[in-house]
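Bear in mind these aren't lab numbers, they're just calculated from the coordinates by the rules spelled out. These figures come from a predicted structure and were not determined experimentally. Cβ atoms come from the backbone with ideal geometry, glycine included; neighbour counts cover every protein chain shown.
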Amino acid sequence: MDQMTTTDLWAGAVREIIAAGRRMDRFGWVPATAGNISRRLPDGRIAITRSGGHKGLLAADGVIEVATDGRAVHPGDRPSAETLLHCQLYAHDPAIGAVLHGHSVASTVLSMMAADGAIVLADYEVQKVFAGQTTHEARVRVPVFDNDQDIARLCTVVAPDLGRMPAGYVIRGHGVYVWGDTMDVALARLEGLEFLLACELEKRKLGR
Ligand SMILES: CSC[C@@H](O)[C@@H](O)C(=O)COP(=O)(O)O
Ligand SMILES: [Zn+2]
């Protein structure tokens with residue numbers, strides 16, 4: 001791959017990450033410095049948001065490269081605190097090309113109330129946004145994992161569920177992780193999941 005092509009690939013990934021951050025911000029899913037966003041390039045490089053920036057106000061220098069073990073490729077760069085959760089998904093499935101993490105009100109509140117380690121979505125038409133879901137009559141289980149500031153340890157808790165989370169997962173009192181083969185697919189899944197969590201929160205406020 002020539003130099004021009006690798007530069008173009010990187011620029012494309014950065015554009016997608018910046019646009020995703022703006023879109024997530026419009027919905028209020030990345031308050032303050034919350035959230036992180038990554039993209040795996042066709043050549044295997046991983047682009048991810050720098051730690052601590054506002055994800056709705058990203059510029060090109062807010063996106064940096066990490067290796068598959070989560071370490072910054074360029075010395076001095078500080079990748080997202082949750083980089084290992086992104087790398088875990090990329091290592092699990094070579095088809096995954098984008099990972100999104102946001103902190104919505106609905107995911108934060110519902111996960112704090114979740115019993116049995118999951119939020120179960122049922123009877124919603126929009127469940128069909130998730131791969132393999134063809135009817136509102138199915139039940140979509142969204143695992144809820146306890147929050148942990150030790151992200152390597154959190155990865156070991158998430159690991160057994162890899163490959164059986166059609167809608168992504170939620171970290172308790174923290175937020176969602178979703179992914180997709182492309183950024184557009186990941187954003188569609190995020191929008192679908194957040195819509196359903198918002199519905200679920202409204203339902204519970206009505207005592208249902
Ligand atoms: C604003 S606190 C949120 C952070 O602790 C973390 O959960 C988060 O989502 C963003 O961390 P970052 O290191 O910027 O990727
Ligand atoms: Zn977070």
Starting from the Cα of Lys128, draw a straight line to each of the lysines and keep only those under 26 Å, dropping any in the same chain fewer than 8 residues away. Lys203, Lys205
Provide the gained length on full extension for the span Arg71 to His136, in nm with one decimal, where the gain is 0.36 nm per separating residue minus the Cα-Cα distance. 19.3 nm
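Using a cut-off of 12 Å between beta-carbons, work out the net charge of the residues near Gly117 (Lys and Arg +1, Asp and Glu -1, Gly117 not included).
Working: positive: Arg141, Arg172; negative: Asp116, Asp146, Asp161.
So the environment of Gly117 carries a net charge of -1.
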Please give the charge dipole size of the chain, origin at the Cα centre, charges +1 on K and R Cβ atoms and -1 on D and E Cβ atoms. Round to the nearest 20 debye. 460 debye
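Which of the peptides 77-89, 131-143, 161-173, 58-70 is most tightly packed, and how do the rest follow, judged by the mean count of other Cβ atoms within 10 Å per residue? Write down the numbers at each step before the final one.
Numbers: 77-89: 21.2, 131-143: 14.4, 161-173: 17.8, 58-70: 16.2.
By packing density, highest mean first, the sequence is 77-89, 161-173, 58-70, 131-143.
So for each of 187-193, 121-127, 99-105 I average, over its residues, the number of other beta carbons within 10 Å; can you give me the resulting order with the highest mean first?
Numbers: 187-193: 22.3, 121-127: 15.6, 99-105: 24.7.
The packing order, highest mean first, is 99-105, 187-193, 121-127.
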To the nearest 20 debye, what is the magnitude of the charge dipole of region 79-177 about its Cα centre, counting +1 on the Cβ of each Lys and Arg and -1 on the Cβ of each Asp and Glu? 80 debye
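Kirkwood hydrodynamic radius, computed over distinct alpha-carbon pairs, for region 100-208: how many Å, to one decimal? List each step's numbers first, then the result.
Working: mean 1/r = 0.0714 Å⁻¹.
Computed over Cα pairs of region 100-208, the Kirkwood hydrodynamic radius comes out at 14.0 Å.
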Enumerate the lysines that Lys55 could reach by cross-link, defined here as Cα to Cα under 16 Å, with residues fewer than 8 away along the same chain left out. none
